[in-house]
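The values are calculated or read from the model by the stated rules, or taken from the named source; none is laboratory data. What you are looking at is a predicted structure, and each value in this text was computed from that prediction instead of being measured. Backbone-built Cβ (ideal geometry, glycine too); neighbour counts: all protein chains shown. What goes into the accessible areas is simple: the full protein's heavy atoms, side chains included, and nothing from ligands, DNA or RNA. Shrake-Rupley method; radii C 1.70, N 1.55, O 1.52, S 1.80 Å.
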Amino acid sequence: MIKRFEKNTAGRDFAVGDIHGHFARLQAALDAAGFDPAIDRLFSVGDLVDRGPECRHALDWLAKPWFHPVRGNHDDYVCRFDTCDVENWVYNGGAWFAGLAWDEQREFAAQFRDLPIAIEVDTPGGLVGLVHADCPFPSWFQLQFELTCATEHARLKQVKNTCMWSRSRIEQGDQSGVADIRAVICGHSPVQVPVVLGNVFHIDTAGWSSGYFTLLNL
């Protein structure tokens, strides 16, 4: 549920907003930033697929040793492809998945189920956390506990869904932040420019649409 990364002592760590099947645009943004795959790392807030023309490239990116995403709500559709609300998924850009062969669909689902709900990155300034939509608790320690120690399936499902779907913090302009961590990085809610509420950074600047990809140096 949570994946932890030690400090990058050789290069830089970046976080990027939602990708939505626009990997060529993302690569162009990385090139412009002088991203060095030999020493730099890229952490994604999820939503690798749907809406864009290059969703099939997601598995190629997951194979890159420097690319590390959390699971977004669109990625979770892939995990639940045989049980989810397919009509809703297609309406939100999931038609590409229906064009895959059955074995390809299963391969996508298997790899996407390995995506963590949260990522922690150690930095010289302290620990940075990433979730797709929001941290549903006032403390990162509480999120750690719920994701790793929750014994009730319904409780764990609720926490995961909030991490992948919630927009309440940004809609309410909640400045309270999240304790016990340096910063939390989120996507999910498109914004024209990055929005910082307390220590929570919202960086989905719609690089997959009419905006641009924000690369946040951790």
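What to note about this one:
- The set of residues in the stretch 57-98 that are closer than 17 Å to residue 110 by Cα and among the β-branched types (Val, Ile, Thr) comprises 70, 78, 83.
- Residue selected from the stretch 81-100 under the condition outside any helix (DSSP H, G or I) and surrounded by 15 or more Cβ atoms within 10 Å (Cβ to Cβ), by the criterion nearest to the chain's Cα centre (by Cα): 81
- Scanning the stretch 171-180 for any residue that is surrounded by 13 or more Cβ atoms within 10 Å (Cβ to Cβ) and within 30 Å of residue 33 (Cα to Cα) turns up at least one such residue.
- Residues satisfying the stated conditions in the stretch 206-218, i.e. among the hydrophobic types (A, V, I, L, M, F, W, C) and either exposed (fewer than 14 other Cβ atoms within 10 Å of the Cβ) or assigned to a loop (DSSP other than H, G, I, E, B) (or both): 208, 213, 218
- Hey, residue 77 open to solvent by 20 Å² or more (accessible area, probe 1.4 Å), among the hydroxyl-bearing types (Ser, Thr, Tyr) and under 19 Å from residue 22 (Cα atoms) or not: no
- Among the residues making up the stretch 155-170, those that are open to solvent by 70 Å² or more (accessible area, probe 1.4 Å) and over 15 Å from residue 187 (Cβ atoms) are 155, 157, 158.
- Scan the stretch 189-205 for residues that are buried (at least 23 other Cβ atoms within 10 Å of the Cβ), under 15 Å from residue 172 (Cβ atoms) and either among the hydroxyl-bearing types (Ser, Thr, Tyr) or in contact (Cβ under 8 Å) with a residue 60 or more places away in the chain (or both) and the total you get is 1.
The rows are residues; the columns are (1) open to solvent by less than 10 Å² (accessible area, probe 1.4 Å); (2) under 23 Å from residue 59 (Cβ atoms); (3) of a type in the set (Lys, Arg).
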position	(1), (2), (3)
118	yes, yes, no
125	no, no, no
135	yes, no, no
138	no, no, no
145	no, no, no
152	no, no, no
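- Selection count where residues are open to solvent by 10 Å² or more (accessible area, probe 1.4 Å) and either among the acidic types (Asp, Glu) or in a helix (DSSP H, G or I) (or both), scope the stretch 15-68: 15
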